[in-house]
Structure formats: structure tokens, C-alpha cells
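Note sheet for the following structure.
The values are calculated or read from the model by the stated rules, or taken from the named source; none is laboratory data. Since the structure is predicted, the reported quantities are computational estimates derived from the model, not experimental observations. Here the Cβ positions follow ideal geometry from the backbone for every residue, glycine too, while neighbour counts run over all protein chains shown.
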Amino acid sequence: MGIRIYKLAEQLELSNKELIKMLQDLGVDVTSHMSTINEETAELIMDMVLGEEEGTQEDDSKVLKVEGTMTVKELSEEIDVDPSTLMAKLIGLGIMATINQELTSDQLEVVAAEYGYVVEEEEEEEEDNLFGLVNDIEDKQKDLKSRPPVITVMGHVDHGKTTLLDAIRKTEVTASEAGGITQHIGAYQVKVNGQKITFLDTPGHEAFTSMRARGAQATDIAILVVAADDGIMPQTIEAINHAKSAGVPIIVAINKMDRPNAQPDRVKQELMNHGLIPEDWGGDTVCVPVSALKGENLDELLEMIVLTAEMEELKANPTRPANGIIVEAELDRGRGPVATILIKNGTLKVGDAIVAGLASGRVRAMINDQGERVEEAGPATPVEVLGLSDVPNAGDLLEVVEDDQSARDIAQKRQNKRREDELSRNTTVNLEDLFSQI
Ligand code: GDP
Ligand code: MG
């Protein structure tokens, strides 16, 4: 008995991800929207979510965000009070101020409280978030459209990740291009029953760690490859932990089923020991037996991916300026810096001014996973981008900005910061060295 995550999420108007994150923060072992939790836990969560709402309603003070200082005029605009009324109020409080006078933070606090506001001082953020997105505006619900899921294949070395990725890619290549050679760009899309799925070629662990370190999550679903003749190994466990802490659902591909010594039940038993209970044993972990080498049962695996993706209700806003994640990048002799980008949100277009990590530039050309030139690329699409000044790092965020000048400015700021950081690090090291010699 219990309740499925996605049902509870629906009731509470939370996304599956948000709910899973809440549960994990409480120490509840959940892995996907199909997981069930007991009634007690569900009630606890409901109290937390609903209680919060009540709380904010009871205490109806509004928040006034202030960055640095604020003039009387600015304050009047922020809280929507006529400037003359506001000045009269100030006088009443013993503050003689002209309309363009900057209020001290104490004065601000007092007068804001009169109108039911609590002042929250905003740090001039740049510092921490210098490498984050510049225009991280939230999308309107009505602009959000379904997008393809992004899949990362993870698992122990030699369990068949590369073979599986190649096999899936091949089914599509032969179907769509009749003998054409697909260029390798570090990610690709396949179509299953008309639905696109994006696969990342980067080894899952790296993709997870380097990208998550920058606060970006590229992956929606993790495919855990486990060789049926070898079972759960150290990197399998690592992969499970990565996926769990990222809150992404895991689909297990029990691979090498063509081997005579394949023992899928043993694999399932071992999965149970790590909190992944196979569906056919009453749990919520989808396990699909496959042979990547022989191309067997890949259809079913792909179908399960589509099903899981549908449950996740993945959406993005194709109409906004794009942002994305650098999947890989290199310096090409003829073409200069070439970066493979996974578009997270928005649509990237040829001619857009871009920044990515320490690099800036303008999209000169884009090439899709089929080796074709494209003019634009929407959410969850992988593309190669030409036109950056330098080679960014895998995991860096790419973003479209207003124009070339702002792209250069942002990149320059980041370079300066990087240099400063390096300098200060070196100084610390030297001081330590010095002290250790005394
Ligand atoms: P990775 O390290 O996880 O990327 O593993 P690879 O894809 O490189 O595969 C390791 C070895 O296992 C290679 O020799 C593959 O040919 C072999 N292999 C992969 N999948 C299968 C399979 O389904 N059946 C068999 N018999 N061998 C496989
Ligand atoms: Mg490999």
C-alpha cells in the first residue's frame, strides 16, 4: 500500500522532480515518479507543502528586493505609491527627503514596513554566479512545449555502453539515411513512433559530474547498463548514486543476454540490494533484457524510454533566446573552435551572439547530428556550433546574449575573475609553502 510519486505530485501541483527532491532531502529512498511512498510520508509531505502556503498567506508582508540603495522615486515606483504621498509619509516619520534622494537602508526598512513590505537586500550577485546564466528568466506556462527527453547511458566499464549507443544510433541511421555516414558529434537523436529521443554520447559519469558541478542538469533519464554475465560492479553502484542524487529515473538495460552465462535474475537480485526493485518483482524499476551486440530487444528499451519520458512531462520554451550545455569542444584546424551543444531551452539561430564559459562569439554555422547544416536548433537538440573565440569546457553553459559587445564583455569579466582566482590560489600555496619551511 502506498501512493505513487506522480499521483501525489499531481495533487500537490508539484513537478515530479520537485517532489522527488523533497523526499530525498527527507532521506526517503525514491528514484522515480513511479516509486511509491507510504501514507505517513505522503501526509508529512502534504503538511509541508500545504502548510507553507498557509504560512505565506497568514503573514502577508510583501518582500521588497533592494540591490544597493534606492531613491525615493524608485521606491515609490517599486511599491506603487505616489511620490508626493510617499514624501509626506517620510516627513511624518521624521525623514526629510527629496525625490531623488537615496534612502539609507535603515530609512528604507522603516518606510517600507509602513506599507507592509519587508526589505531583502540582494547581493550584487555577479561574483558567485559569474558562470551561470545571464538571462535566467522564468518561462510563462503558455510558452512551454513538450520537448524530447535527454538520455545518458551509464554503467560499469565493458558492460556495453558504447555498443548500446552505437546499436541504437545504427537502427536510426539505416532507417533515415540509407547508408549515409553519420558524423560523430557527441550526441544524437533517434525517432521512436514519431517521438524524438536525444542520447548523450559522453560517458555518463563525466556528464553528470562536470555538468552538475556547474548547476546544469543535462539528463532526464539514465539508462543503467548492466552485463547479465557480470552483474553489479563498483561503477554500476556509482552510476546508481549519481542518478539518484540527480533525481532522474533509471531504466536498467540488462545487457549481453546473448551470452550463455547470462543471469538476468541475479542482476535483478543485486539491483534490489541497491534499492532498485524490478517492476516484475513488484517494484518500480523498469528492467529490459537486451543484447546490444546483436541488436536484440532495443525496440522495447526505446519504448520504455518514451513511456518514462511521457510521465516526466518534459517541457521547454522554443520561442526564447537559447541556452544550453557544452557537451564537448575542440579546436579544429580548419574550422576553429567547434563545440557540441545540447540546447536546454529556447532556439539557437545562426547569427546569435553567444557566450560559453570563457569564450564568446557569434554562431557562424550549425551542424546537426546527421552532418547537415541547420539554421536553428530547438530544445533538447544537439548541434555543433562554429564561431566561438576559444574552446569552452565540457559542462560550460552556453547562452545567447543581446549582441557581440555584451558577449565579449561577459567573457572578459569571467576571464578576469578566473585570473584573479588563480593568482590568489597561487599566493595561498606560496604562503603555506613558506610557513611549512619555517
Ligand atoms: P563500455 O565500456 O561499457 O562502453 O563497453 P563496450 O560497449 O565497449 O563493450 C565491451 C565489450 O563487450 C566489447 O567487446 C563488446 O563487443 C562487448 N559487448 C557489448 N555488448 C554486448 C552484448 O550484448 N553481447 C555480447 N556478447 N558482447 C557485448
Ligand atoms: Mg565505452
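Details
- Of the candidates Ala339, Ala365, the single residue that is buried (at least 23 other Cβ atoms within 10 Å of the Cβ) and under 19 Å from Gly186 (Cβ atoms) is Ala339.
- A Cβ distance below 8 Å, combined with a sequence gap of six or more or placement on separate chains, defines the contacts here; from the stretch 399-423, residues that are at pLDDT 95 or above reach residues that are assigned to a loop (DSSP other than H, G, I, E, B) and of a type in the set (Asp, Glu) in the pairs Val400/Asp352.
- Qualifying positions in the stretch 167-187 - modelled with pLDDT under 90 and within 16 Å of ligand 2 (Cβ to nearest atom): Arg169, Lys170, His184, Gly186, Ala187
- Residue under evaluation Gly282, criteria (1) closer than 15 Å to Leu224 by Cβ; (2) more than 16 Å from ligand 1 (Cβ to nearest atom); (3) among the small types (Gly, Ala, Ser), criterion not met: (1)
- Pairs, first of a type in the set (Gly, Ala, Ser) in the stretch 145-158, second within 11 Å of ligand 2 (Cβ to nearest atom) and part of a strand (DSSP E or B), C-beta under 8 Å, six or more apart: Gly155/Val225
- Exactly one residue among Glu372, Glu310 is under 30 Å from Val252 (Cβ atoms) and either surrounded by fewer than 16 Cβ atoms within 10 Å (Cβ to Cβ) or touching a helix residue (DSSP H, G or I) at 6+ places or on another chain (Cβ under 6 Å) (or both), and that residue is Glu310.
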